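The values are calculated or read from the model by the stated rules, or taken from the named source; none is laboratory data. Owing to the predicted nature of the structure, the values given are computational and were not obtained by experimental measurement. Methodologically, a virtual Cβ is constructed for each residue, glycine included, from the backbone with ideal geometry; neighbour enumeration extends over all protein chains shown.
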Amino acid sequence: MTKPAPARAAGAFRTLVRSQWLLLATAGLYGWAFAVSPERALQALGIGGRAFASVTLIVIAVFGLVGLLQVWISRELVARLLGREAGFKALLVAAACGTILIGPAYIIFPLLMSIRRQGARWAVITTVLSAYAVKLQMIPLEVQFLGWGFSLGRSLLTVAAAIPVGLAVEWLMERSARRPSRRP
Amino acid sequence: MIAVSLTYLILIGGAYLACARADRGKTLQSLKIAGGSLVKLVPLLVAIFALIGLFQVFVPAPLIERQLGAASGWAALLTGGLLGAVAIGPPLAAFPLAGSLLDSGAWPPAVAAFIVSWVSVGVVTLPFEAEVFGARYALTRNAVSFLAALLIGLLVGMLS
């Protein structure tokens, strides 16, 4: 038996809200912003648009890489290099990768998740994201504004903290994952 | 940024060509996965960038400066960390802001916590992180990174 049209429409609406709630909420916020101050809302839209344009190419490259990795790199290889069996070396590699990568961190979220699905451990993923905060290529600029002591201290401590943070997050994830696992 | 992005794109394009010569079917499958995940996540990315614009216009730097300058001690450290977590934008924008905070006499550990939290904790990007990795991971990672930012802030402030 098929549902009546209004119920189907309501169902479709619910699916839309569930999958695109952030976009809808953002649109709502912009509605408010345009009502309050149209010129500042336009300015915000311009800033967002320019920021998006500046990362478009990288976003495409990252998704291209996700596709390649998932099809061509075997799970065994990822697990061997970045899983538990790789030991501490994998964490060092992760810290080094995070330090030299550029761009905003959320650009590589999908890439990291695809590596995770192929067998990399949570500590590796988290260490990359933590070391990402170093911003190696921006240190000269940071020194200019904040001085050598501050910038070097911040960068070195961020690198030093990356692996402990990674291990802590992994420990928390696995602790909370074990509890409800009563499935056969 | 453009030069680096183009380099990445060309490298990956080259990799696709090389793969296509080795195995056409598998390469098409790669393209399909790439396109599929791109289409799935683009609406979220659009929303995030729109939010970044809104934030930068409606929460201007002087407001952050006033909040952080007014607090002192532990409250300042916490305020610095929280402001950094909510703030979003390139670190390029955080450095001058932090510099002027230091110049105007803000407590160095609080400024350090602000910077570290700015680049490693993201409240605005949290929905995106939760969509990609799952909510449990996104919340755990941001909470642990926030605590680490406070600790690093304290140490940097005491060292420098």
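A single member of A:Ala35, A:Ala51, A:Ala61 is over 23 Å from the mean Cα position of the chain (by Cα) and either buried (at least 19 other Cβ atoms within 10 Å of the Cβ) or farther than 15 Å from B:Phe49 by Cα (or both), and it is A:Ala35. For A:Val55, indicate whether it is free of Cβ contacts under 8 Å to residues at least 60 places away in the same chain, touching a Ser or Thr at 6+ places or on another chain (Cβ under 6 Å) and over 30 Å from A:Ala168 (Cα atoms). So A:Val55 fails the test. If you check A:Leu77, A:Leu69 for being among the hydrophobic types (A, V, I, L, M, F, W, C), touching a Ser or Thr at 6+ places or on another chain (Cβ under 7 Å) and more than 7 Å from every other protein chain (Cβ to nearest Cβ), only one passes: A:Leu69. Does segment A:135-156 contain at least one residue that is touching a Gly at 6+ places or on another chain (Cβ under 8 Å), more than 8 Å from every other protein chain (Cβ to nearest Cβ) and surrounded by 21 or more Cβ atoms within 10 Å (Cβ to Cβ)? Checking segment A:135-156: not a single residue is touching a Gly at 6+ places or on another chain (Cβ under 8 Å), more than 8 Å from every other protein chain (Cβ to nearest Cβ) and surrounded by 21 or more Cβ atoms within 10 Å (Cβ to Cβ).
Listed by position, the helices (runs of 4 or more DSSP H) inside segment B:30-144 whose residues that are within 11 Å of chain A (Cβ to nearest Cβ) and under 17 Å from the mean Cα position of the chain (by Cα) number at least 2 are B:91-103, B:108-120, B:126-133.
Condition (residue is assigned to a helix (DSSP H, G or I) and modelled with pLDDT under 90) applied to segment A:27-44: is it met by at least one residue?
Checked segment A:27-44: no residue is assigned to a helix (DSSP H, G or I) and modelled with pLDDT under 90.
When segment B:1-39 is filtered for residues that are surrounded by 13 or more Cβ atoms within 10 Å (Cβ to Cβ) and charged (D, E, K, R), the ones remaining, listed by number, are B:Asp23, B:Lys26. The set of residues in segment A:28-39 that are at the interface with another protein chain (Cβ under 10 Å from one of its Cβ atoms) and in contact with a Leu (Cβ under 9 Å, 6 or more places away or on another chain) comprises A:Leu29, A:Tyr30, A:Ala33. The set of residues in segment A:100-118 that are away from every other protein chain (no Cβ under 11 Å) and surrounded by fewer than 20 Cβ atoms within 10 Å (Cβ to Cβ) comprises A:Ile100, A:Gln118. Highlighted here are the helices (runs of 4 or more DSSP H) found entirely within segment A:64-167 that include at least 2 residues which are farther than 25 Å from B:Ala112 by Cβ: A:75-82, A:88-100, A:109-117, A:122-131.
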